[in-house]
Amino acid sequence: MHSVECHKPKQLKTALVCQNDLTERELTCDMLRQYGMMALDAENAQQALNLIHQYNPDIILLDVDFHVSIKWLDNRNQTLSTAFEFCQYLSQQSVFKNIPVVMLAATQTINELRMAYQSGASELASKPINLPILLERLNHFLITQESNRKSKKQLNYLTQFDPLTGLINRSHLIEKIEYSLLNTLKINRISAVLVIDIDNFKRINNVHGHNFGDKILKVISKRLRKSICKKTSSIHNFSGINSSTELARLGGDEFTLFIDNIDSVSTVITLAKQQIESINAPIILNGEQVVMTASVGIAIYSNDKEEVYDLLRNAEKAMYAAKNNGGNTYRLYNEEMNASAKTQFRLENELRNAIEQQQLQLHYQPQIDAVSGKVVSLEALLRWHHPELGWIDPGVFISIAESCGLIISIGDWVLKNACEQARSWLEKDDSLERIAVNVSTYQFQQPDFFSKTLSILKEVNLPAHYLELELTESIIMSDAKENISKLKCFKDVGVSLAIDDFGTGYSSLSYLNNLPIDTLKIDRSFIANITKKNKECVIVGTILALAKQLNLKVIAEGVENLNQVNFLKHNFCTILQGFYYSRAIPAHEVDKMLALEKVQTNINYPANKVTMLNGYARTKLIKTLTD
């Protein structure tokens, strides 16, 4: 017969034996000592409790017949009279509950087994004790218990902390803010929430992958921690009052900072600026330098009726206001932002139905040959005529479409309708060279954009060379290598390509020779002041000379007066576009213009300029929607 070696669990060093009979206790203790364990023994429950408090044993062996007679004077006024009640009491105490209790019985009945487990015992063993088997069972129990403990600890961690950065998460942050705000107003100090959102972070994930993006977020979280520690330390040294901070990651590329016990709003603003500066510092990762920017929204806790969720929501509204202002800045929440958010929410809902209800329209702005004065091409521009609010500024609703995911379906609608209209004009007048359609970042990033465009051209029977797609520099240069490959696909089938708003995005002059483009569109910001012999004149002149060398067509946008026309003609700009010739007009008005040998200039500009919802009108809209 082969002997089986027993392995005592490493966790078991001290055992407490609770048995009435002295002989049984001594035998059990001797057996435990043979396995190198320290054995303690108790003949009654009170003595057992004293030993547990004193030694904190690793295991308790408790006889089902153990003498228990304790009137426990706690808030429950509990009386313990059986071993099962004593075991249950131990399992309910935070200092004892992790100690495994093995109950001992002369005979194991179903009832005793059930009562043992219900009272919190780890095991019910038969007497006399077969210690090797019992220890093996305990070893398995302790391994399982440790695994469960680790799982519970990990689960508790995940419910309170962000696993990527180690910062607290949203639910934990809310708990901490709620606790802190109880005392803020009582001591006449300021508390604030700052929502920090990384600008254009999606581009990092798209270009470099999510693993790279996660590493960037880790770097940023460390920088924010360091910057916050420095600032709060200086606040404490200056004011003598401790300011506590809580930095959390709420998900994605959004961080939230809560700070209390601040003396003034200016201190919070200084803190916001420091967070932006810390994020702006170049990050070197995998041998590549990355520069990030951030938008920060600030909400100040001002009254005891304001809830944590209101504070977070207001800070988020302020953050979006900072983004809408170009990003890499901060904004302090005010009530106008709340009205603006309500307006945006309403417009977003109504924009979803605008296509079906035929509220969206395409207007076309002519592009004029600088020499002949005839219309050679048209740019399709989206317009929204709201049944109650009138014309909505594209700058308002396009950004809403992008933020709520409608831009793809709207972009498809624009592309198809522009191509259908171009086909209709070509059947009447073959002098029209092309129709230009703006492409959004989101459209261009769609994997099926190329095939979808070809499908539309085929469906409406429009030759590819009549279509020109306009993309901004920032779209192309966001991932130059990949996007140049996409552009070549369009070029190979004959679609014309133009860089819109040239000069306002990335410095892409070094890439121009490699880009498969046909046209540069000089941004209107350069055209506005070209007659004043300033740096804009030099820039425009340089672009025109460069385009000539590269055999590219040039369209000047925003042409508004004769002096601009003369300058552009003198510098050999081939195509002009702007209110000097015409605003964007409906398709039926284009028919008349195409019939003209030469377009009449708009001598009454700007009185004839199309009225859009902006400035005062937009303020009036917000007031109308929120009244």
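For segment 401-444, which residues satisfy the criterion of being among the β-branched types (V, I, T) and free of Cβ contacts under 8 Å to residues at least 40 places away in the same chain?
I407, I408, V439, T441
Please go through segment 106-122 and give me each residue that is in a helix (DSSP H, G or I) and open to solvent by less than 90 Å² (accessible area, probe 1.4 Å), ordered by number.
N111, E112, L113, M115, A116
Inside segment 539-593, can you point out the residues that are of a type in the set (S, T, Y) and surrounded by fewer than 19 Cβ atoms within 10 Å (Cβ to Cβ)?
T542
Let me confirm something: among V565, V540, which residue is at pLDDT 90 or above and more than 22 Å from E468 (Cα to Cα)?
V565
Being touching a strand residue (DSSP E or B) at 6+ places or on another chain (Cβ under 8 Å) and not in a helix (DSSP H, G or I) is the filter; apply it to segment 463-482 and report the residue that is most open to solvent (accessible area, probe 1.4 Å).
T472
Would you be able to say whether some residue in segment 50-59 is modelled with pLDDT under 90, over 56 Å from the mean Cα position of the chain (by Cα) and crowded, with 20+ Cβ neighbours inside 10 Å?
The answer is no, given that none of the residues of segment 50-59 is modelled with pLDDT under 90, over 56 Å from the mean Cα position of the chain (by Cα) and crowded, with 20+ Cβ neighbours inside 10 Å.
May I ask you to list the residues in segment 235-254 that are assigned to a strand (DSSP E or B), within 25 Å of G209 (Cα to Cα) and at pLDDT below 90?
L250, G251, listed by residue number.
For segment 76-105, which residues satisfy the criterion of being open to solvent by less than 80 Å² (accessible area, probe 1.4 Å) and small (G, A, S)?
Of everything in segment 76-105, those that are open to solvent by less than 80 Å² (accessible area, probe 1.4 Å) and small (G, A, S) turn out to be S81, A83, S91, A105.
Residue by residue, here is whether (1) assigned to a strand (DSSP E or B); (2) open to solvent by 10 Å² or more (accessible area, probe 1.4 Å); (3) closer than 23 Å to L167 by Cα; (4) β-branched (V, I, T) holds:
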| site | (1), (2), (3), (4) |
| --- | --- |
| T256 | yes, no, yes, yes |
| T267 | no, yes, no, yes |
| A272 | no, no, yes, no |
| I279 | no, no, yes, yes |
| I300 | yes, yes, yes, yes |
| G327 | no, yes, no, no |
| R331 | yes, yes, no, no |
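For segment 22-62, enumerate the residues that are outside any helix (DSSP H, G or I), among the acidic types (D, E) and either without any contact (Cβ under 8 Å) to a residue 12 or more places away in the chain or closer than 19 Å to R137 by Cα (or both).
D58
Out of curiosity, is L138 crowded, with 20+ Cβ neighbours inside 10 Å and at pLDDT 90 or above?
no
Checking N211 against (1) touching a residue at least 60 places away in the same chain (Cβ under 8 Å); (2) open to solvent by 90 Å² or more (accessible area, probe 1.4 Å); (3) farther than 23 Å from N314 by Cα, only one condition comes out false. Which one?
(1)
If a residue has to be within 41 Å of the chain's Cα centre (by Cα) and in a helix (DSSP H, G or I) to count, how many in segment 545-567 make the cut?
2
Evaluate the following for N130: is it free of Cβ contacts under 8 Å to residues at least 12 places away in the same chain, closer than 24 Å to D30 by Cβ, polar (S, T, N, Q) and surrounded by 11 or more Cβ atoms within 10 Å (Cβ to Cβ)?
Judged against the criteria, N130 is a match.
Scan segment 568-577 and tell me whether some residue there is over 30 Å from I539 (Cβ atoms), modelled with pLDDT of 70 or more and more than 45 Å from the chain's Cα centre (by Cα).
Scanning segment 568-577, I find no residue that is over 30 Å from I539 (Cβ atoms), modelled with pLDDT of 70 or more and more than 45 Å from the chain's Cα centre (by Cα), so the answer is no.
The values are calculated or read from the model by the stated rules, or taken from the named source; none is laboratory data. Quantities reported herein were computed from a predicted structural model and do not represent experimental measurements. Glycine also receives a Cβ, built like all others from the backbone with ideal geometry; neighbour counts cover every protein chain displayed. All accessible areas refer to the heavy atoms of the entire protein, side chains included, with ligands and DNA or RNA removed. Shrake-Rupley method; radii C 1.70, N 1.55, O 1.52, S 1.80 Å.
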